[in-house]
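Each remark here refers to the structure printed beneath this line.
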Amino acid sequence: MPVDYEINANKYWNDFYKIHENGFFKDRHWLFTEFPELAPSQNQNHLKALLSENKGSEVPACRSSEDGSGLIIEAQHSCSSVSLGRKTQPPPVEENVTQKLRHLEICADEFPGSSATYRILEVGCGVGNTVFPILQTNNDPRLFVYCCDFSSTAVELVQTNSAYDPSRCFAFVHDLCDEDKSYPVPGDSLDVIILIFVLSAIIPDKMQNAINRLSRLLKPGGMMLLRDYGRYDMAQLRFKKGQCLSENFYVRGDGTRVYFFTQDELDALFTTAGLEKVQNLVDRRLQVNRGKQLTMYRVWIQCKYRKPLLSSTS
């Protein structure tokens with residue numbers, strides 16, 4: 001039976017969105033409180049704040065000519081001959097030529113949003129409850145948002161939404177667990193990757209490889225933001241015995257699956273992928289539904305993990 005849910009996972013999620021369309025989830029305007037990295041003002045000061053936190057590292061305190069960009073190639077190269085506390089000789093001519101050729105190769109690689117200076121990817125975007133609030137709140141023309149989902153029905157609902165703007169957003173179908181299918185962006189190109197209640201939907205054995213692949217897409221200094229179900233959340237306690245597929249991994253009545261994490265499990269996933277912890281906390285809330293006279297004890301985990309900045313020796 002668990003094999004069926006894995007093989008037909010796409011069908012179950014497509015059925016879910018065909019039934020609920022865009023009426024099930026609410027737009028996540030809380031995102032900007034929990035994740036200020038997504039807010040407009042944060043984009044302009046992203047690298048500045050990042051470098052101020054790492055004054056003691058080997059990374060030279062340089063930044064690109066455009067506000068809001070990550071560690072782009074020009075900035076890295078202009079600082080490549082600088083080292084903290086000592087003078088160095090300029091790099092050999094051959095090294096300069098190699099660097100310029102490498103930069104031209106990257107610039108020539110056209111991809112959606114290639115001209116943007118701040119790029120956000122949401123994995124598991126559903127019908128756009130995260131993407132559209134970001135686009136509506138942030139009018140920076142240098143921002144580009146990518147979003148993908150396992151369900152082709154969900155992606156179609158995003159693309160047909162009146163708020164969808166192809167010049168600022170690119171929605172595509174993607175299986176987080178498919179190791180043979182690449183993302184439509186090159187490595188080291190994203191500033192932020194968002195995972196909101198999506199990692200819990202995949203089989204635990206495939207989580208590490210999925211995070212590893214996403215980590216490679218982040219720029220040095222880029223952030224991975226996650227919010228997902230915590231161990232002993234109300235939803236976990238309500239599952240009946242027959243709905244448990246494996247330890248802490250369950251199947252809902254509609255065939256979709258969900259895992260309930262501990263902080264240590266998520267920390268191991270991200271650090272194994274080479275990311276550094278910025279935040280890893282449990283959000284416990286007591287929700288009261290007065291209409292149904294229900295008290296619900298919710299447990300969520302919120303994480304922020306950063307890709308290390310390149311050292312001057314790299």
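Based on the Cβ-Cβ distance from residue 286 to residue 252, what FRET efficiency comes out when R0 is 25 Å, to the nearest 0.05? Using R0 = 25 Å, I get an efficiency of 0.60. Shape class of the range 124-207 from the Cα gyration tensor (axes a ≥ b ≥ c, square roots of the eigenvalues): prolate, since a/c reaches 1.5 or more and a/b is larger than b/c. Computed in the context of the full set of protein chains, the accessible area of the range 171-292 at 1.4 Å probe radius has 46% of its extent on carbon or sulfur.
With R₀ set to 45 Å, the beta-carbon distance separating residue 137 from residue 241 gives a calculated FRET efficiency near 0.55. Going by a ≥ b ≥ c, the root eigenvalues of the Cα gyration tensor, does the range 258-314 fall in the rounded group (a/c under 1.5), the prolate group (a/b larger than b/c) or the oblate group? Prolate shape, in that a/c is at least 1.5 and a/b is the bigger ratio. For the peptides 119-127, 201-209, 219-227, 247-255, the ranking by packing is 119-127, 219-227, 201-209, 247-255, with the highest mean count of neighbouring Cβ atoms within 10 Å listed first. For residue 309, the residues whose amide H sits under 5 Å from its own are 221, ignoring neighbours fewer than 5 places away on the same chain, with H placed 1.01 Å from N. Summing charges over all other residues whose Cβ lies under 13 Å from the Cβ of residue 172, with Lys and Arg as +1 and Asp and Glu as -1, gives -4. Rounded to the nearest 20, the size of the Cβ-charge dipole of the range 128-283 about its Cα centre is 240 debye, with Lys and Arg at +1 and Asp and Glu at -1. Of the whole protein surface, residue 110 contributes about 140 Å² of accessible area at a 1.4 Å probe radius. Fully extending the segment from residue 114 to residue 180 would add 21.5 nm, taking 0.36 nm per residue of separation and subtracting the current Cα-Cα distance. Sorted largest first by accessible area at a 1.4 angstrom probe radius, with every protein chain in place, the residues 142, 290 fall in the order 290, 142. Taking a ≥ b ≥ c as the square roots of the Cα gyration tensor eigenvalues, the range 168-207 comes out prolate, since a/c reaches at least 1.5 and a/b is larger than b/c. When nucleic acids and ligands are ignored and a 1.4 Å probe is applied, residue 272 ends up with an accessible area of around 90 Å². Dipole check for the range 183-235: with +1 at the C-beta of Lys and Arg, -1 at the C-beta of Asp and Glu, and the Cα centre as origin, the magnitude is about 80 Debye.
The values are calculated or read from the model by the stated rules, or taken from the named source; none is laboratory data. What you are looking at is a predicted structure, and each value in this text was computed from that prediction instead of being measured. Every residue, glycine among them, receives a Cβ derived from its backbone with ideal geometry; neighbour counts consider all protein chains shown. All accessible areas refer to the heavy atoms of the entire protein, side chains included, with ligands and DNA or RNA removed. Shrake-Rupley method; radii C 1.70, N 1.55, O 1.52, S 1.80 Å.
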